[in-house]
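Quick notes on the structure that follows.
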Protein chains: 2
Amino acid sequence: MSFPAATPPSRLLMGPGPSQIHPQVLSALAAPTVGHLDPVFLRIMDELQSMLREVFGTTNPMTMAVSGTGSAGMETCVVNLVEPGDRVLCCVNGVFGGRMAEVAERAGAEVTRIERPFGEVFTAEEVREAVQRVRPKITGIVHAETSTGAWQPLQEISDVVHEADSLLLVDCVTSLGGVPVEVDKLGIDAAYSGTQKCLSCPPGLAPVTFGPRALEVMDRRTHKVCSWYLDIGLLRNYWGSNRAYHHTAPINMNYALHEALRLVLDEGLEQRYARHALHHRALRAGLAAMGIQYSGNPQYCLPMLNSVLIPEGADDAQVRSQLLQEFGIEIGGGLGPMKGRVWRIGLMGETARSSNVLLFLSALQQCLLRQGISLPAASATAAASVIYLES
Amino acid sequence: MSFPAATPPSRLLMGPGPSQIHPQVLSALAAPTVGHLDPVFLRIMDELQSMLREVFGTTNPMTMAVSGTGSAGMETCVVNLVEPGDRVLCCVNGVFGGRMAEVAERAGAEVTRIERPFGEVFTAEEVREAVQRVRPKITGIVHAETSTGAWQPLQEISDVVHEADSLLLVDCVTSLGGVPVEVDKLGIDAAYSGTQKCLSCPPGLAPVTFGPRALEVMDRRTHKVCSWYLDIGLLRNYWGSNRAYHHTAPINMNYALHEALRLVLDEGLEQRYARHALHHRALRAGLAAMGIQYSGNPQYCLPMLNSVLIPEGADDAQVRSQLLQEFGIEIGGGLGPMKGRVWRIGLMGETARSSNVLLFLSALQQCLLRQGISLPAASATAAASVIYLES
């Protein structure tokens, strides 16, 4: 009782991730599997760690790829830093801030949430007030909220968190590789990401990094980490110089991430950030020409995750289904309270290319017109093209 | 600061996993990534679940692939079944039984270990005595101990565990796809496996299955599962009919597992088990001709994991390194107390082929002769060939 071979189609992935994958990354994924203690693989791990440090903007030795997806990276950071009864402050302005709080509670933390409406960001003052009131061991915040497209400034918040002698834990799932994530400069103590966003690698690994203060806290633990699989104390023996067996690493996924990081660094981080910004401006201009508005505070919109209000009269599911079935384009729907209210349009990594932006704008226009939505006369693609011509 | 592209060599993987990967599986891995809620991917998930049920020998609806490696599968089963203070009985006769106990303790269980020497198996009587004394909520045992090559009979043990009203949790990491794993027939309540053993897929996913009694226990939980990432209550909404977003599944790894399962079922389970048994007999005959002995009880030796005593005078590390560097063959060293005492020779999935057995025997003979080890005059490959000629 077997099935025919699966033949997944080529999609244009313009949702909240996974993003487009470079053909070299797919080729790397299919390279011959070697053993997890093979000297060849150990060298790949070394290089991968070195490239990850560069992208994270850190010299942290404990920078590695967790053998799970972004949420496993979140859980790794939380369960290794939290001991039962620890106070944790979570800044919640979207689904992923809420998830961090949930993960911390399950790890036994006494969690205090501060909240901002979806699409807004936190001010340093708000965080200062909370850390001084709560005196948390850890303060968690999301750099790039995938559910809202909000881009959280971090420098001042890092300062107030450290003034209160708290550790700063940052969700960089969607930001890493798309906007600067300067772990050392900002004083971030622990951060996690995913491979399927701006690194343009298939999902399956979670880059994480831990600074010296975070390692100190782990070294002083009196309880074992509740997860054996994600225990950094054990993982350090495999990803550190010992290279002692812990679990069998996802070999081929690590090949793919190695190749994806090579492409990121070959492009250059500054150039990559500029490319994300450019295509965001073009997309925004094109959407504006169609009368489509962003859902969040325009001052804090991420370039790679564009959360826009669904135009009145448009059928959410039908538009997304038409985009997928007729044009092969995937965009994301709203998450949580944003369900049915927004579309999330990703411009992550390889997806951030002008041909993708122009095709998407044309396709969306056609879908909306077909639903009888009246659009402004201005051409969306012409508006986007103006941005490209000016760049 | 990038690096040259990684170019992993073709190895012959004859260790304790990963095993050889069929080219079709590597091709599937490199198919275009689609979204985790794409209808195409949802169909792949459905088919994958259906094929996994077949290989596990179960009709359990809750049969799926956890987004992590085999140890994440172990942790998934344990943390979903265990609540703080629950009594768990772990049968420890190798590294992986010990790991299960460790994972259960971290999940808050009150763990009782019963032990057998490495390489031995448990009798139903031993387990009966323990379950009646401990009255555990869960009894965990390893079907195929990857650290020793011991093959644990399960039918009678399942009976005594259920008589004591305990749930039977079985580690099938190395057995699945290589020897029969009859979940329903044996009454196994929960089982986990890995992809990189007898399924011959790269590492990165962990097949798991939960029977009705296990689901009931989960439904009656009063504490949240300590892991959010591995919470079956949440995962059921994604792998069940709701298909609600939980985390971004490792899309391409699921393609690969889909293809690997297709190959398993196209070959036929009985034929596959017979193939593993045949090549095991040939390897055993060849090793015997060289005077090499198995480390465990000969009555309970697994076909796919051959743990043999390192011949006196042979340098463990040097032989393994020569096999790897000169012949491209990986075998495994000993784990835990077996380190330096045994080699672990895998015949898992695609690795179980006569050309691999014959090449390995010749290569090992050469390595040992080069170290000045005196070997019996009989030819190892001739002894293996006799088995093939008789089959």
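Values quoted throughout were computed directly from the atomic coordinates according to the rules given, and no laboratory measurement underlies them. Note that this is a predicted model, so its numbers are computed, not measured. Neighbour counts run over all protein chains shown; Cβ positions are idealised from the backbone, glycine included.
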TODO: Compute the long axis of helix A:380-390 from its Cα atoms, compare it with the longest principal axis of the Cα atoms of chain A, and write down the angle in degrees, 0 to 90, nearest 10.
DONE: 60 degrees
- [ ] Positive end of the charge dipole of chain A (Lys, Arg +1 and Asp, Glu -1 on Cβ, about the Cα centre): tell me which of A:ALA5, A:GLY346, A:HIS276 has its Cα farthest that way.
- [x] A:ALA5
Open item on the list: Whole-Hz ³J(HN,Hα) for each residue in the stretch B:149-161, computed from phi via Karplus 6.51 cos²θ - 1.76 cosθ + 1.60 with θ = phi - 60°, x for glycine and proline: what do you get?
Closed with: x, 7, 10, 7, x, 10, 4, 5, 5, 4, 4, 5, 5
Open item on the list: If I build a Gaussian network model for chain A, linking alpha-carbon pairs within less than 10 angstrom, which residue out of A:SER362, A:SER241, A:SER379 has the largest mean-square fluctuation?
Closed with: A:SER241
Open item on the list: So, R0 is 51 Å and r is the distance between the beta-carbons of A:GLN325 and B:GLU390; what FRET efficiency does that work out to, to 0.05?
Closed with: 0.35
Task: Amide H within-cut-off set for B:VAL111, under 5 Å, with H built and near neighbours excluded - done: B:VAL88
TODO: Return the whole-Å distance between the Cα centroid of the stretch A:137-215 and the Cα centroid of the stretch B:154-211.
DONE: 39 Å
- [ ] On a C-alpha basis, how far is the centre of the stretch B:302-341 from the centre of the stretch B:62-79 in Å? Whole number, if you could?
- [x] 29 Å
Open item on the list: Suppose each label sits 7 Å from its Cα in the direction of the beta carbon; what would the A:ASP159-A:VAL40 distance come out to in nanometres?
Closed with: 5.1 nm
Task: the stretch A:314-376: C-alpha gyration tensor shape, a/c 1.5 cut-off, then a/b vs b/c - done: oblate
- [ ] List the distances, in nm to one decimal, from the label point of A:ALA244 to the label points of the same position in every other copy, shortest first, placing each label point 7 Å from Cα along the Cα-to-Cβ direction.
- [x] 4.2
Open item on the list: How high is the relative contact order of chain B? Use alpha-carbon pairs under 8 Å, at least six apart in sequence, and give a whole percent.
Closed with: 23 percent
Task: Cα centre as origin, Lys/Arg/Asp/Glu Cβ charges: the stretch B:1-129 dipole, Debye - done: 440 debye
- [ ] Compute the FRET efficiency between A:ARG220 and A:ARG243 as 1/(1 + (r/R0)^6), taking r as their Cβ-Cβ distance and R0 = 30 Å, and round to the nearest 0.05.
- [x] 0.75
Open item on the list: I need the calculated FRET efficiency for the pair A:LYS185 and A:GLU129, taking r as the beta carbon distance and R₀ as 30 Å, to the nearest 0.05.
Closed with: 0.75
Open item on the list: Restricting to Cα pairs below 8 Å that are 6+ residues apart, what does the relative contact order work out to for the stretch A:1-89? Please round to a whole percent.
Closed with: 10 percent
Open item on the list: Over chain B, with a Gaussian network built from C-alpha contacts below 10 Å, which listed residue (B:ALA191, B:ALA65, B:ALA317) shows the highest mean-square fluctuation?
Closed with: B:ALA317
Task: Check: the protein assembly as shown dipole with +1 on Lys, Arg Cβ and -1 on Asp, Glu Cβ, in debye - done: 480 debye
Task: Virtual spin-label span in nm between B:ALA382 and B:SER27, 7 Å along Cα→Cβ - done: 4.2 nm
TODO: Give the relative contact order (percent, whole number) for the stretch A:140-282; include only Cα pairs under 8 Å separated by 6+ residues.
DONE: 19 percent
- [ ] Would you kindly derive the ³J(HN,Hα) couplings of the stretch A:204-211 from the backbone phi angles with the Karplus curve 6.51 cos²θ - 1.76 cosθ + 1.60 (θ = phi - 60°), listing them in order in whole Hz, with x for Gly and Pro?
- [x] x, 9, 10, x, 9, 9, 10, x
Task: Partner lysines for B:LYS339 [C-alpha distance under 25 Å; skip if fewer than 8 residues away on the same chain] - done: B:LYS197
Open item on the list: Can you give me the angle between helix B:70-81 and the longest principal axis of chain B, using Cα atoms only, in degrees from 0 to 90, rounded to the nearest 10?
Closed with: 30 degrees
Open item on the list: Taking 25 °C and 0.890 mPa s as the conditions, I'd like the Stokes-Einstein D for the protein assembly as shown in µm²/s, using the Kirkwood hydrodynamic radius from alpha carbon pairs.
Closed with: 91 µm²/s
- [ ] Using the charge dipole of the stretch B:268-390 (Lys, Arg: +1 at Cβ; Asp, Glu: -1 at Cβ; taken about the Cα centre), state which of B:ALA288, B:ASN356, B:LEU302 has its Cα farthest towards the positive end.
- [x] B:LEU302
- [ ] Run through the other copies and list how far each one's label point is from that of A:GLY328, in nm with one decimal, shortest first; the point sits 7 Å from Cα along Cα-Cβ.
- [x] 3.4
Task: Shape call, chain A: gyration tensor on alpha carbons, a/c limit 1.5 - done: oblate
Open item on the list: Just want the answer: with Cβ charges of +1 for Lys and Arg and -1 for Asp and Glu, which residue in B:TYR245, B:LEU37, B:PHE327 is farthest toward the dipole's positive end in chain B?
Closed with: B:PHE327
Task: Fraction of antiparallel bridges per DSSP, the protein assembly as shown only, in percent to nearest 5 - done: 45 percent
- [ ] Just add up the charged neighbours of B:ALA150: K/R +1, D/E -1, any other residue whose Cβ is under 11 Å from the Cβ of B:ALA150.
- [x] -1
Task: Cα centroid separation - the stretch B:102-118 against the stretch B:254-295, whole Å - done: 31 Å
Open item on the list: Please give me the summed charge of the neighbours of A:GLU102: other residues whose Cβ is under 11 Å from its Cβ, Lys and Arg +1, Asp and Glu -1.
Closed with: +1
Task: Cβ-placed point charges (K, R +1; D, E -1), dipole of the stretch B:22-265 about Cα centre in debye, nearest 20 - done: 500 debye
